[in-house]
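Visitor: Supplied in structure tokens, the structure appears directly below.
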Amino acid sequence: MTTPDPRAVFEEELMRIAPDADLADVGPNEDLREAVDIDSMDLLNLVAALHERLRIDIPETDTPRLTTLAGAEAYLRERLASA
Amino acid sequence: MGLYRMPSLGADMEAGTLVEWLVAPGAAVSRGDVVAVVETQKGAIEIEIFETGVLARRLVEVGETVPVGAPLAEIRAPGEAAAEAKGAEEERPAETVAGKAPAEPAEAIAPAPPPERPPSPAPPSPAPAPAAGRPRASPAARRLAEAQGVDLAGLRGSGPGGAIALADVESALSGPAAPAPRRATGLDLGEMRKAIAAAMARSKREIPHYYLSHEVDVGAARDWVAARNADLPPAERFLLGLLLVRAVARAAGRYPELNGFHEAGGFRPAEAVHVGVAVAIRGGGLVAPALHEAETRPLPELMAAFRDLVARARAGRLRSSEMTDATITVSSLGERGVDALAGVIYPPQVALVGVGTPRERPAVVDGAVVPRPLATLTLAADHRASDGHRGALFLAEIARLMQEPDSL
């Protein structure tokens, strides 16, 4: 089994929710809620999709860590390593 | 033989384009079934049927644009089946065949449910796929494609996650195999803006609005949601917005003069509470489809329906009942918005509740100043149907319900 690339998976799922976003323009530590205009429903759908694809638990209290590209990559790597 | 007509999907709709038939001639249909897709200014709408019978003949082909009220199909009522079974081309009066043994299976001729309520929507899938209404593309690519009439759906994207980048559109334009321009179904934001303009201009012209505002402490509801979500997978989690919708629906049930329609004959209160939830469309635009039976459905079911509704609103795939059934609207500014909104009522409704962004602010609790998450609730209501006194009681009731999340 190949290890999924968390950054690629995250960007793919983010693009599903914000199809018009230009992630090349988004800084690694920029708040995605502002940068690509996602709301709480979008964020919930994003977390649900990541949970489904990566088969990791993402407690709601960790959701704030998924609001930047760099933060999300670090968090998902951590969760995948401990899974 | 009855006629199924182009429905009116809002005060501002004049015509619609039939883009897809979902039921073949001869097929049985039941009240509430989605039978076709119509393109309107608010996207592609799945239109439902309000009778039970058999779709005998289509009268409009895919691609045709017809006005509201134009016949789309002939519907054979249960009991009329025998006439068609004989293969008669001539139109027989219904009386001559009534009472003959129907050729349809029993379930197709089941009597229609009582007509006083609109049919419940189909149960939503618990975890709807994210919106898939239009191809992913960068804003620059989208602009160029629009200017040049290139259909993004026909392009292969080289950007992140397969998104279409500017270069992909440029190469499609220069290459010999540029796809023919095609009018894509889905959301046309320019048309949606026109629909919003028409409805809101009518609202401001006709409705004597009055406005009230009230601060509500959302701490109890927020903590209740957080505690409930702690051990649940994402697909089963709630949002604070769900409790707000529920509290508004419960309060609307208690103050019926804020829940219904103002039409030619005056105000008519609604039987149930169908909350229109204002959904912002990416790129600009707004639609407020109905979340059915928001007062009574179990919260987990309501949450699943809420997610499904928002996803379909953004993908441009709502159902006709969702476009017309809302009895009151909730517009929430989300978590990073501003403090308050003064709403414009969506006619023929008579009230709109605005929910400002909850923020930690100083509050006085038991004589001490403490930080509390406060949100400003506003009410825009139609003075022809209610007065400020009742409106104030209604807002206070929402605030009270939010302090008792267990009771929601």
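Visitor: In whole percent, what relative contact order does the stretch B:210-342 give with Cα contacts below 8 Å and a gap of six or more residues? Mind showing how you got there, number by number?
Guide: Working: 161 pairs, mean separation 31.0, N = 133.
23 percent.
Visitor: Sticking with this structure for a sec: Could you state the number of Å between the C-alpha centres of the stretch A:26-75 and the stretch B:337-408?
Guide: Here the two parts' Cα centres lie 30 Å apart.
Visitor: Would you mind giving the mean number of other chain beta-carbons within 10 Å of the Cβ of each residue in B:290-296, as a whole number?
Guide: Values: counts 0, 0, 0, 0, 0, 0, 0.
Partner-chain Cβ atoms within 10 Å, mean over residues of B:290-296: 0.
Visitor: Other chains near A:11-18: what is the mean number of their Cβ atoms within 10 Å of each residue's Cβ? If you can, show how the numbers build up before the last one.
Guide: On the way: counts 4, 5, 2, 3, 9, 6, 5, 4.
Across the residues of A:11-18, the mean count of other-chain Cβ atoms within 10 Å is 5.
Visitor: Which order, highest average first, do B:25-38, B:349-362 follow once you tally other Cβ atoms within 10 Å for each residue and take the mean per peptide? Display every interim value, and only then the final one.
Guide: Values: B:25-38: 18.2, B:349-362: 21.3.
My ranking of the peptides, most packed first, is B:349-362, B:25-38.
Visitor: Determine ³J(HN,Hα), in whole Hz, for all residues of the stretch B:299-305 in sequence, where each value follows from phi through the Karplus function 6.51 cos²θ - 1.76 cosθ + 1.60 and θ = phi - 60°; x replaces Gly and Pro.
Guide: Here the 3J(HN,Hα) series is 4, x, 5, 5, 5, 4, 5 Hz.
Visitor: Solvent-accessible area of B:H262, probe 1.4 Å, all protein chains present, reported in Å² to the nearest ten, please.
Guide: Answer for B:H262: close to 40 Å² accessible.
Visitor: Restricting to Cα pairs below 8 Å that are 6+ residues apart, what does the relative contact order work out to for chain A? Please round to a whole percent.
Guide: On the way: 61 pairs, mean separation 30.8, N = 83.
Relative contact order here is 37 percent.
Visitor: With every protein chain left in place, what is the accessible area of B:R58 in Å² (1.4 Å probe, nearest 10)?
Guide: Here the accessible area works out near 70 Å².
Visitor: Which far-off residues, 5 or more places away or on another chain, put their amide H under 5 Å from the one on B:D188, with H placed in the peptide plane?
Guide: Hits under the 5 Å cutoff: B:G43.
Visitor: When Cβ neighbours within 10 Å are restricted to other protein chains, what is their mean count per residue of peptide B:273-280?
Guide: Details: counts 0, 0, 0, 0, 1, 0, 2, 2.
Partner Cβ neighbours, averaged per residue: 1.
Visitor: Can you compute 3J(HN,Hα) from phi for each residue in the stretch B:377-387, using the Karplus curve 6.51 cos²θ - 1.76 cosθ + 1.60 with θ = phi - 60°, rounded to whole Hz and x for Gly and Pro?
Guide: 8, 10, 10, 10, 9, 8, 5, 6, 10, 8, 10
Visitor: In terms of modelled amide H atoms, which long-range or inter-chain residues lie less than 5 Å from the amide H of B:R372?
Guide: Excluding prolines and chain starts, which carry no amide H, the hits are B:R361, B:A363.
Visitor: Which whole-Hz ³J(HN,Hα) couplings does the stretch B:367-372 yield from phi under the Karplus relation 6.51 cos²θ - 1.76 cosθ + 1.60, θ = phi - 60°, glycine and proline marked x?
Guide: Those phi angles translate into x, 10, 8, 9, x, 9 Hz.
Visitor: Sequence-distant or interchain residues sharing an amide H contact under 5 Å with B:A36, placed H: which?
Guide: Correct list: B:L22, B:I47.
Visitor: Rounded to the nearest 10 Å², what accessible area does A:L44 have for a 1.4 Å probe in the complete protein model?
Guide: The accessible area of A:L44 comes to roughly 10 Å².
Visitor: Report, in whole Å, the centroid distance computed from the Cα atoms of the stretch B:245-321 and the stretch B:46-72.
Guide: Taking the Cα centre of the stretch B:46-72 as reference, the centre of the stretch B:245-321 is 25 Å away.
Visitor: Heavy atoms only, 1.4 Å probe, whole protein assembly: order B:K42, B:K194 by accessible area, highest first. Don't skip to the end; give the middle numbers.
Guide: Working: B:K42 25, B:K194 120 Å².
My answer, sorted largest first, is B:K194, B:K42.
The values are calculated or read from the model by the stated rules, or taken from the named source; none is laboratory data. Just so we're clear, the structure is a prediction, and the values are computed from it rather than from any experiment. Methodologically, a virtual Cβ is constructed for each residue, glycine included, from the backbone with ideal geometry; neighbour enumeration extends over all protein chains shown. For accessibility, only protein heavy atoms count, side chains too; no ligands or nucleic acids. Shrake-Rupley method; radii C 1.70, N 1.55, O 1.52, S 1.80 Å.
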